[in-house]
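Novice: Here's a structure for you.
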Amino acid sequence: MTKQITYSPAYTLVPTYECFNRCTYCNFRVDPYQDNWLTLEKSQSILQKLQDQSVCEILILSGEVHPQSPRRKAWFQHIYNLCQLALSRGFLPHTNVGVLSFAEMETLKKVNASMGLMLEQITPKLLQTVHRHAPSKSPSLRLQQLEWAGQLKIPFTTGILLGIGEENRDAWQTLEAIAAIHQKWKHIQEVILQPHQLGSKQQLKASTFPLHQLPEMVAKARDILPHSITIQIPPNLITDPGCLLDCLEAGATDLGGISPKDEVNPDYDHFSHQQLVDLLTSRGWQLVPRLPVYPHYYNWLSSSVQNALTDWKKSSQFQPLLST
């Protein structure tokens with residue numbers, strides 16, 4: 001049987017790039033009050049143009065407005081409105097906007113097919129280095145998000161960031177923490193193994209992840225994580241095609257949401273669809289599109305999300321995966 005490598009045809013909407021965290025490796029953020037928020041009118045225009053382009057996932061990706069900011073309520077409502085707008089156009093929203101309260105997560109579940117938050121690394125030593133000025137990168141806060149997602153039955157994506165000052169044992173412990181939470185709630189769809197690559201906007205200049213070590217990291221992750229969790233790798237950050245293939249051989253089977261622009265890593269363009277098809281075909285593999293929620297989680301979704309899901313389930317684009 002042909003091995004299937006999956007990806008989600010996606011488009012990213014950024015409500016705002018402003019963020020109160022200042023991670024030294026970030027190529028995304030701008031300072032608070034230094035960004036004009038994406039309007040609903042602009043979003044509607046973008047979504048209208050996407051409706052005949054086979055895009056199923058709308059990734060809502062935002063910088064964080066401080067929980068105590070007087071603008072937090074407006075920021076959160078804007079994210080909710082963008083999800084609702086995407087649903088009304090037949091798309092499936094996936095929201096990744098940083099640390100949320102339990103009530104905020106519960107509200108967003110109503111308008112999301114899935115949600116996500118990178119755990120990154122749980123070692124507290126990074127709070128003295130790359131996360132020194134990033135309060136919401138506290139490991140305890142982010143582990144709590146994974147727990148809450150499980151309690152709320154939210155299909156969830158998380159992941160680790162590699163090459164930001166951690167040691168190998170830190171990465172193993174982070175993966176073990178993810179595995180333990182998933183064993184309790186069975187809600188984690190995917191774990192991303194994201195190698196840090198230098199970008200043109202970041203402050204941190206001396207850290208990157210050696211790509212030749214990534215296949216071994218994938219193999220170790222496959223040993224640690226339950227097999228119900230898919231291992232995802234971002235193809236645009238694996239600049240050596242041979243390394244990408246080796247990672248797939250080691251146990252990764254998903255390439256994530258592929259959007260015209262990687263907003264978090266804008267210096268790294270995605271492969272074209274045909275380039276990926278040709279690369280995978282060279283190993284006898286098939287590139288297959290998937291939805292941002294896996295079939296065994298469909299009954300967790302709100303009625304409004306299930307309504308939007310109906311037409312996608314019937315689409316011939318996704319039948320090779322849904323029929324297996």
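Novice: Name the lysines eligible as straight-distance cross-link partners of Lys125: C-alpha to C-alpha under 18 Å, and not fewer than 8 places from it in the same chain.
Specialist: Hits, sequence-local ones excluded: Lys137.
Novice: To the nearest µm²/s, what D does Stokes-Einstein give for the stretch 169-299 at 10 °C and 1.306 mPa s, using the Kirkwood radius over alpha carbon pairs as Rh?
Specialist: Answer, rounded: 100 µm²/s.
Novice: What Kirkwood hydrodynamic radius do you get for the stretch 1-122 when you take the inverse of the mean 1/r over all pairs of distinct Cα atoms, in Å?
Specialist: Value: 15.4 Å, from the Cα pair sum.
Novice: Provide the three semi-axes, in whole Å and in decreasing order, of the ellipsoid equivalent to the stretch 107-171 as defined by the square roots of 5 times the Cα gyration tensor eigenvalues.
Specialist: Equivalent ellipsoid semi-axes, largest first: 25, 12, 10 Å.
Novice: Under 16 Å between alpha carbons, and skipping anything fewer than 8 positions from Lys3 in its own chain: which aspartates and glutamates qualify?
Specialist: Output for Lys3: Asp246, Glu249, Asp254, Asp278.
Novice: Which value in Å is the Kirkwood Rh of the chain over different Cα pairs?
Specialist: 19.9 Å
Throughout, read-outs are computed from the coordinates displayed, never taken from laboratory work. Remember, it's a predicted structure, so these values are computed and weren't measured experimentally.
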